[in-house]
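The values are calculated or read from the model by the stated rules, or taken from the named source; none is laboratory data. Source: prediction; values computed, not measured. Note: ideal-geometry Cβ built from the backbone for every residue, glycine included; neighbour counts use all protein chains shown.
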Amino acid sequence: MSSRATEYLTTTLGRFAAEFPSNRLPSDVRSRATLMILDVLASAAGGVETALAVSAREAAASLFAGKAASAWYVGKSLSRVGAAYCNAAATSALDIDDGHRGAAGHAGAAVVPVALAMAEGQDFTGEEILDAVAFGYDVALRIAASRKTERIDHYNSGTWAAYGAAASAGRLLRLDAARMAQALAIAGAEAPVSLPTGASKRMGSTVKEGLAWAAVTGLAAAERARAGCTGPDDLLDRSEVYDAAAMVADLGQKWEIMETYLKPYACCRYIHSAIDAIEQMRRPGASVRTLTVEIFPAGLSLQNQPAPHSLEAAQYSYPFCCALAALQGPDALRPMRPSSLFDRRVLELAGRIELSVAADFVDAFPARTPARVTLDQGAGPRTLTVHHPRGDVANPMSRAEVEEKFRVLAEDILPAEAIATVIAAVDGLARDGATPLYAALSCRTSLNPPELAVAN
């Protein structure tokens, strides 16, 4: 689609995001974009009353006041940037939002909140919103997946998700190719620079990967590009950091949104294979004599606290999540509750779990996040290896499972009829437009989930 000898990568990606014809997404890509919107809305419903999301809304009421767009499920309106910020925070709060194996991180928590905030109250068709979502995913994930592994010092998604937010916002602002390229350049230059993974022993704070600020940065970058601001066009043209050929290969033919994975459990994706193995082997009510978990080396970079001090810390702990799944079943991670942090049986087992690297998993990541679990519940040890956790492209969740995920995560804050209304509105987005969806998301529920609102 371009001559790499004569233009910058931001130019190539910017032209693609700006000039690809409207309403021409392949049907499978359009369907996938619809599913990703539903999954993001499910993740946000689960996270909307966490301390992380509540504090984001309180801050946004002062920082980003306005009436242009909805903070989902709480009946409040903010500026577009404020709504994007709040909704991104809620989506990422439980670490149950979508991801991408090659990018090793999350795009949807920034892209979808920006697309929906930008389009609310505007004369956009459902197809145009789906376009914006698909292009946001594609740009962000192409850039992230083309990074050379040896130059990656952390896997915090906000650093590159801002590109996708800018592409999504720019598409809806109808930026031309030149200004879309500048939006990407601005977003890349000003994206959140997160603390490297493992640098802080206090992992589990309510700062999550910079995704809320990635949404703000990307949206602002698109608006600034429209106003004539420029950025460093060549910031992606660094051969020591990016594989240029991979970044732009098969533009408009291969869509990275098709390679996203979905998450059934509210914890780091690294841990899901181990939970799947435990789910298949556990006997409800049986005592656990021993539990060992063999993983890939990157899994040891998590803090892995046996007694985490917050839900955020628990999301990054193999011992805690595996103990919780073994004793209470995987439903205890859909989502995790603050009360689980004080469960003595879970904490005792988490302290006994043996965690080590398997020799045959050394080169698995990021292509795979496997686990080998050995569990003894009194009848002798059983061992099971899972290479592709539920929700991976190689082991996908069905549409029905995503709807069930929504129902489970939203049941504490939304009545059943409201959940059904949101699902139907997402399904009808291309056919009926966005009005029914915005009406469903802007309604305030009368339910109150006090346990999820507990401060960490």
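Tabulated results
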| quantity | calculated |
| --- | --- |
| Residue check for ALA33: under 26 Å from LEU184 (Cβ atoms), assigned to a helix (DSSP H, G or I), under 25 Å from the mean Cα position of the chain (by Cα) and in contact (Cβ under 8 Å) with a residue 40 or more places away in the chain | yes |
| All positions within segment 98-123 that are farther than 14 Å from LEU173 by Cα, of a type in the set (A, V, I, L, M, F, W, C) and in contact with a helix residue (DSSP H, G or I) (Cβ under 6 Å, 6 or more places away or on another chain) | ALA103, ALA107, ALA109, ALA110, VAL111, VAL112 |
| Which numbered condition TYR73 misses (of (1) on the phi < 0 side of the Ramachandran plot; (2) crowded, with 24+ Cβ neighbours inside 10 Å) | (1) |
| Residue tally, condition within 30 Å of ALA420 (Cβ to Cβ) and modelled with pLDDT of 95 or more, over segment 5-45 | 21 |
| Residue count, segment 98-147 (criterion: surrounded by fewer than 24 Cβ atoms within 10 Å (Cβ to Cβ), over 20 Å from LEU441 (Cβ atoms) and free of Cβ contacts under 8 Å to residues at least 60 places away in the same chain) | 0 |
| Restricting segment 151-174 to residues that are basic (Lys, Arg) and under 24 Å from ARG15 (Cα atoms), the residue that is nearest to the chain's Cα centre (by Cα) | ARG171 |
| Filter result for the condition that a residue is within 29 Å of ARG337 (Cβ to Cβ), in contact with a Pro (Cβ under 6 Å, 6 or more places away or on another chain) and among the small types (Gly, Ala, Ser), over ALA93, ALA83, ALA88 | ALA88 |
| Residue check, ARG407 touching a residue at least 60 places away in the same chain (Cβ under 8 Å) and either basic (Lys, Arg) or part of a loop (DSSP other than H, G, I, E, B) (or both) | no |
| Residue among GLU312, GLU256 that is at pLDDT below 95 and charged (D, E, K, R) | GLU312 |
| Test result for GLY198, more than 21 Å from LYS254 (Cβ to Cβ), modelled with pLDDT under 95, in contact with a Gly (Cβ under 7 Å, 6 or more places away or on another chain) and not β-branched (Val, Ile, Thr) | no |
| Members of segment 410-424 that are in a loop (DSSP other than H, G, I, E, B) and within 19 Å of the chain's Cα centre (by Cα) | none |
| Filter result for LEU52 (modelled with pLDDT under 95 and part of a loop (DSSP other than H, G, I, E, B)) | no |
| Matching residues, segment 162-187, being assigned to a helix (DSSP H, G or I) and within 15 Å of PHE124 (Cα to Cα) | SER168, ALA169, GLY170, ARG171, LEU172 |
| Residue check, ARG431 among the basic types (Lys, Arg) and over 25 Å from GLU127 (Cα atoms) | no |
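Residues are listed down the side, and each one gets a yes or a no for (1) of a type in the set (Asp, Glu); (2) touching a Gly at 6+ places or on another chain (Cβ under 8 Å); (3) surrounded by fewer than 17 Cβ atoms within 10 Å (Cβ to Cβ):
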site	(1), (2), (3)
ALA225	no, yes, no
LEU235	no, yes, no
VAL241	no, no, yes
HIS272	no, yes, no
PRO284	no, yes, yes
GLY299	no, no, no
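Condition check ((1) surrounded by fewer than 18 Cβ atoms within 10 Å (Cβ to Cβ); (2) farther than 16 Å from GLU294 by Cβ) across all residues:
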residue: VAL357; (1), (2): yes, no
residue: ASP360; (1), (2): yes, no
residue: ALA367; (1), (2): yes, yes
residue: PRO370; (1), (2): no, no
residue: GLY378; (1), (2): yes, yes
residue: VAL386; (1), (2): no, no
residue: ALA394; (1), (2): yes, yes
residue: ARG399; (1), (2): yes, yes
